[in-house]
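Down below is the structure, laid out as structure tokens.
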Amino acid sequence: MAAGRAPVAHSRLVFGPDDERAVLRTLRSGQVAAGPEMERFEGDVARRLGLRGGVATSSGIAALHLVLLALGVGRGDGVVIPSYVCGALLQVVRFFGAVPRLADLAEGRFHPGPEEIDRAANRRTRAVIFPHPFGEPIDLSGVRALGLPLVEDLAQSLGARRGKGPVGRAGARGGLLFLRHQDGGGESRRVIIGRSAISRSSFGPIRRAGGMFITDTWFG
């Protein structure tokens, strides 16, 4: 490396006194998985996004699993995802036996537009998973107009705003992913999924245990 040149970090997490106090409070509570701190986290993020409620899960891919389960995605169904995306989306779609329908990126952008999504969809398409890439809040009005169930992936964009409101409110189902080296940091990942149409009772035969939701076919 040339003298005087600093490396460009892949990601740099910033922690402050509030974070330190939150960690210490959790450790002192003796409940590092489920408990009051997790419930406070669920409520705080849901309120920030104007949602009725949230559910914390063990990982981002587990949250996507729950959302697709709630949407009734099954074998042979289609799920549209961008062609440039984290591999977790592809994995969870295939777990259901569904068919990933890859949508090309719009010209000059890091995400597909309504036209690209419409071309990728077919009569068996049950959902569109749409990440807001690199913190950029995308206008999803054109995607919503297609009439397909929309899952917003906020792995890289929690806190981003478009117009008067935050991203994460456009989809019929929403997924807020805290992934390592992204928003939340750390090996232990927490995810909130929520929308006014979703509640804990929406997931059918799913029970909560140890801070996670468990199904007969758990993925994540």
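Loop only per DSSP, at most 13 neighbouring Cβ atoms within 10 Å: give me the chymotrypsin sites (Phe, Trp or Tyr not before Pro) in region 19-106, ordered by residue number.
Hits after loop and neighbour filter: nothing returned.
Measure off 7 Å from each Cα along the Cα-to-Cβ vector at Arg144 and Arg21, then give the distance between these two points in nanometres to one decimal.
It is 3.6 nm.
With a/c under 1.5 counting as rounded, go ahead and sort region 32-170 into rounded, prolate or oblate using the C-alpha gyration tensor (a ≥ b ≥ c being the square roots of the eigenvalues; past the cut-off, prolate if a/b is larger than b/c, else oblate).
It is oblate, given that a/c is not under 1.5 and a/b is not larger than b/c.
Please list 28-35, 134-141 highest first by mean number of surrounding beta-carbon atoms within 10 Å per residue. Mind dumping the intermediate values first?
On the way: 28-35: 11.8, 134-141: 15.1.
With the highest mean Cβ count within 10 Å placed first, the list reads 134-141, 28-35.
Dimensions of region 99-154 along principal axes (Cα, Å, largest first)?
Cα spread of region 99-154 along its principal axes, largest to smallest: 31, 20, 20 Å.
Taking H as built 1.01 Å from N, whose amide H comes closer than 5 Å to the amide H of Val55, not counting residues under 5 places away?
When sequence neighbours closer than 5 places are left aside, the close amide H contacts are Ile193.
Tell me which GluC sites (Glu not before Pro) from region 77-151 have a DSSP coil assignment and no more than 10 other beta carbons within 10 Å of their own.
Those that pass, being in a loop and sparsely packed, are Glu107.
On a C-alpha basis, how far is the centre of region 99-143 from the centre of region 37-83 in Å? Whole number, if you could?
So the separation of the two Cα centres works out to 18 Å.
Determine ³J(HN,Hα), in whole Hz, for all residues of region 157-167 in sequence, where each value follows from phi through the Karplus function 6.51 cos²θ - 1.76 cosθ + 1.60 and θ = phi - 60°; x replaces Gly and Pro.
9, 4, x, 5, 10, 9, x, 8, x, x, 5
Can you list the residues of region 33-71 with backbone N under 13 Å from a point 7 Å past the Cα of Lys164, pointing along Cα to Cβ?
none
Bear in mind that the values in this text are calculations on the coordinates, not laboratory data. For clarity, every value in this text was computed on a predicted model and none was experimentally measured. We place every Cβ from the backbone using ideal geometry, glycine too, and count neighbours over all the protein chains shown.
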